[in-house]
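The values are calculated or read from the model by the stated rules, or taken from the named source; none is laboratory data. Source: prediction; values computed, not measured. Methodologically, a virtual Cβ is constructed for each residue, glycine included, from the backbone with ideal geometry; neighbour enumeration extends over all protein chains shown. Protein only, heavy atoms only, side chains kept; ligands, DNA and RNA dropped before computing areas. Shrake-Rupley method; radii C 1.70, N 1.55, O 1.52, S 1.80 Å.
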Amino acid sequence: MDYDVAEREIKKMIAGSKNSNLLQKVVDYLYENFERYSWVGIYIVKENDLILGPWRGEHATEHTKIPIGKGICGSAAQSGKTELIPDVNKDNRYLACFVSTRSEIVVPIKKNKKIVGAVDIDSDIPNAFNKQDAFFLEKIADMLSKHIC
Ligand code: SME
């Protein structure tokens with residue numbers, strides 16, 4: 001899937017969507033159109049934790065509540081910076097969800113400079129994410145930020 005095409009389609013999806021299923025639709029789109037994206041989820045900040053919202057993948061994760069500052073997700077939510085992890089087994093912050101996961105990307109969702117959530121994507125392929133994924137997902141996170149309260 002071409003990143004520009006995906007960006008345009010997601011933009012259209014968001015503009016045309018009136019219902020509360022929007023975050024799930026975007027998760028579904030990413031999961032269905034990028035083969036490398038083995039698990040896609042959106043966490044929402046609630047007080048000092050990240051709470052799992054819509055997700056798509058073969059299995060549910062036990063990490064439905066992650067304290068800010070913990071794991072890859074919590075680190076991204078604390079720093080406000082995208083985390084690109086080529087090998088999850090070499091990062092001691094990593095909170096394991098699925099035995100098949102090899103690499104991960106977490107992109108914070110910011111609204112008026114405040115971190116309100118994170119997009120978390122796991123891949124069963126080692127080193128599956130690059131700067132283009134980061135750039136693309138940061139744009140998607142920005143679009144989503146307007147729909148998170
Ligand atoms: N691996 C994440 C936890 C969430 S699961 O990947 C779905 C982390 O280290 O924060």
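Observations
- Only one of the listed residues (Val45, Val40, Val5, Val26) is outside any loop (DSSP other than H, G, I, E, B), open to solvent by less than 80 Å² (accessible area, probe 1.4 Å) and either in contact with a Cys (Cβ under 6 Å, 6 or more places away or on another chain) or without any contact (Cβ under 8 Å) to a residue 40 or more places away in the chain (or both). That residue is Val5.
- Contact map, the stretch 126-149: residues that are closer than 21 Å to Trp39 by Cβ and β-branched (Val, Ile, Thr) paired with residues that are in a helix (DSSP H, G or I) and open to solvent by less than 10 Å² (accessible area, probe 1.4 Å), Cβ distance under 8 Å, separation 6+ or inter-chain. Pairs shown: Ile140/Ile10; Ile140/Val26; Ile140/Leu30.
- Hits in the stretch 64-82 - residues which are more than 12 Å from the ligand (Cβ to nearest atom) and crowded, with 17+ Cβ neighbours inside 10 Å: Thr82
- Within the stretch 30-61, being over 14 Å from the mean Cα position of the chain (by Cα) and either within 22 Å of Ala128 (Cβ to Cβ) or among the small types (Gly, Ala, Ser) (or both) holds for Glu32, Asn33, Glu35, Glu58, His59, Ala60.
- Residues in the stretch 50-63 that are open to solvent by less than 70 Å² (accessible area, probe 1.4 Å) and under 22 Å from Ile140 (Cα atoms): 6 in all.
- Beta carbons closer than 7 Å, at least 6 apart along the sequence or on distinct chains, pair a first residue in the stretch 48-59 that is part of a strand (DSSP E or B) with a second that is open to solvent by 30 Å² or more (accessible area, probe 1.4 Å) and basic (Lys, Arg) for Asp49/Lys65; Ile51/Lys65.
- Selection from the stretch 83-141 of residues that are within 15 Å of the ligand (Cβ to nearest atom), touching a Cys at 6+ places or on another chain (Cβ under 9 Å) and open to solvent by 20 Å² or more (accessible area, probe 1.4 Å): Glu83, Leu95
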